[in-house]
1. Using a basic spin-label model with each label point 7 Å from the Cα along Cα→Cβ, how many nm lie between SER524 and GLU322?
2. Using label points projected 7 Å from each Cα along Cα→Cβ, tell me how many nm separate ARG18 and ALA133, to one decimal.
3. Going from the alpha-carbon gyration tensor of segment 265-405, what semi-axes, largest first and in whole Å, does one get by taking the root of 5 times each eigenvalue?
4. If you average 1/r across every pair of different Cα atoms in the chain and take the reciprocal, what Kirkwood value do you get, in Å?
5. Order the peptides 437-446, 238-247 from the highest to the lowest mean number of other Cβ atoms within 10 Å of their residues.
6. How big is the dipole moment of segment 28-137 about its Cα centre under a simple scheme where the beta carbon of each Lys and Arg is +1, that of each Asp and Glu is -1, and everything else is neutral? Debye, nearest 20, please.
7. Which of the residue pairs LYS118/LYS252; LYS343/LYS422; LYS252/LYS520 have a Cα-Cα distance greater than 26 Å in the structure shown?
8. Among SER57, GLN41, TYR393, flag the residue with its Cα farthest along the positive direction of the charge dipole of the chain, charges on Cβ as +1 for Lys/Arg and -1 for Asp/Glu.
Amino acid sequence: MELVVDSGVKKMEGEAMRKNQTLICAPIMADSVDQMLILMQKAKTSGADLVEVRVDSLKSFNPRLDIDTLIKQCPLPTLFTYRPTWEGGQYAGDEMSRLDALRLAMELGADYIDVELKAIDEFNNALHGNKSAKCKLIVSSHNYESTPSAEDLGNLVARIQASGADIVKFATTAQDITDVARVFQITVHSQVPIIAMVMGEKGLMSRILCPKFGGYLTFGTLEMGKVSAPGQPTVEDLLNLYNFRQLGPDTKIFGIIGKPVSHSKSPLLYNESFRSVGFNGVFMHLLVDDIANFFRTYSSLDFAGFSCTIPHKEAALDCCAEIDPTAKAIGAVNCIIRRPDGKLFGCNTDYIGAISAIEEGLQGSQPSISGSPLAGKLFVVIGAGGAGKAIAYGAKEKGARVVIANRTYERARELAIVVGAKALSLDELSNFHPENDMILANTTSIGMQPKVDDTPISKEALKHYSLVFDAVYTPKITRLLREAQESGAKIVTGVEMFIGQAYEQYERFTGLPAPKELFKNIMSTY
Ligand code: NAP
Ligand code: DHK
């Protein structure tokens with residue numbers, strides 16, 4: 001087996017590195033044939049296995065000439081799709097001409113053509129049984145509103161199968177991430193080759209886990225955001241972020257549960273670390289509305305471990321059969337592991353991640369003889385959510401005098417009672433400076449992408465703080481940290497916390513020691 005390095009995309013000739021047969025298909029959409037030919041070359045160098053030629057995107061189209069050119073000059077197998085507007089495409093012309101063009105693609109040597117279920121009878125009638133042996137017929141159905149019940153999906157697959165399809169294809173839309181479970185159920189039990197996608201951000205899992213559940217292919221775009229259907233990842237991410245070729249039926253599933261969640265760098269951190277040791281797991285963004293419903297739906301051992309962020313850390317407690325005592329005291333869980341008995345164990349790694357990062361930031365000052373440099377310091381926490389609870393708890397445990405300021409004063413008060421601290425409303429914060437040399441920790445999402453111009457406290461008030469920490473790590477240097485630095489304070493970024501809170505998670509996910517230097521290298525490029 002020869003290792004082929006092709007524009008930085010390493011892949012093995014033959015099947016050596018592939019643990020699945022699921023193909024990656026790059027949609028090709030362009031105004032002209034020449035532009036399509038350029039994109040086809042890009043698809044080849046990106047590592048895609050085939051291209052979907054969306055001829056409905058062409059501004060002018062001469063079927064016989066253009067299809068012949070596209071097939072002959074394409075460096076990859078071709079799937080021709082001529083999607084009508086009534087099925088989410090761009091073609092609004094005569095139906096018979098559309099079907100004639102698809103038949104022509106078959107005759108001229110296309111490897112696949114895609115015909116909508118609603119048009120298949122007309123297509124078959126006009127074919128008069130003259131189906132090319134080489135060309136595989138994909139019969140497709142698209143639902144841009146919702147995902148039907150498992151029964152209705154089963155009936156749809158049966159209807160598509162009965163239409164003479166070589167490959168069944170349906171794409172639905174996720175209204176909730178739990179919709180994807182029904183599609184996995186259909187795919188894994190399908191007796192015929194099947195392409196099944198759930199569109200939208202909440203359907204991402206369906207696109208990444210195709211190899212695990214037996215999907216024939218998944219779609220990967222050539223550029224972020226240039227999608228032919230909502231929610232498609234790039235070919236680059238499929239191959240190099242999700243290790244797509246390594247995924248298979250026994251791959252364990254991990255993810256970051258949150259809402260919003262696309263900002264999270266956890267998939268970047270864990271997938272590269274999994275790959276570095278050959279761990280058979282994949283970690284992805286999981287946009288979850290209701291965490292209890294998520295765990296009720298995805299209850300198999302395959303769904304092995306999760307990070308948890310806004311706004312589910314407190315609700316996560318109720319999903320766990322067993323909770324680490326520190327997480328119970330904090331009242332927030334950010335790491336959830338599936339035990340061998342299938343039940344969930346919850347713990348909190350935020351607190352050690354943040355506190356150790358802040359202590360490291362303080363080490364430059366006079367190390368306290370009592371151990372932690374936090375001892376005796378006035379430690380102001382902005383926020384009383386999952387991160388706020390963890391950090392207030394950790395600071396108190398290290399001997400700091402803790403003050404909690406929160407938008408919802410009642411939550412500040414409740415947390416203050418639990419950890420033994422003073423409570424402030426957010427409005428009181430800017431005028432709170434009983435002494436200098438204080439420590440400030442922002443644990444709200446203020447300043448997080450996309451609202452990067454927001455900050456939880458005035459720059460003027462920052463002169464009373466010797467160290468400012470921000471849990472927000474997207475962006476790495478928030479407005480708060482920038483203004484703190486300008487005010488002369490030491491700063492500790494949320495990236496340091498993020499790395500620290502990931503150590504224990506990784507060890508719980510894999511049973512292997514955390515690759516701390518690799519974590520730092522991965523996040524240094526961010
Ligand atoms: P959470 O449990 O939802 O808590 C959010 C906190 O932010 C609450 O105190 C909330 O106040 C406050 N808040 C939200 N929006 C606000 C606004 N517009 N104005 C004022 N206060 C606002 O979330 P979390 O899990 O603690 O995470 C909070 C932030 O920390 C997120 O940005 C998260 O990404 C980050 N974080 C980073 C790391 C890391 O590893 N670097 C780890 C943990 C968390 P109310 O009580 O009034 O709603
Ligand atoms: C952010 C947090 O809130 C942590 O507690 C999670 C997550 C990781 C993230 O991936 O952004 O553990």
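1. 3.8
2. 2.3
3. Equivalent ellipsoid of segment 265-405: 31, 18, 13 Å, largest first.
4. Computed over the chain, the radius equals 25.3 Å.
5. Result, highest mean first: 437-446, 238-247.
6. So the dipole magnitude of segment 28-137 works out to roughly 320 debye.
7. Correct reply: LYS118/LYS252; LYS343/LYS422.
8. TYR393
The values are calculated or read from the model by the stated rules, or taken from the named source; none is laboratory data. None of the values given here were measured: they were computed from a predicted structure. Backbone-built Cβ (ideal geometry, glycine too); neighbour counts: all protein chains shown. The accessibility values were calculated without ligands, DNA or RNA, using every heavy atom of the protein model including side chains. Shrake-Rupley method; radii C 1.70, N 1.55, O 1.52, S 1.80 Å.
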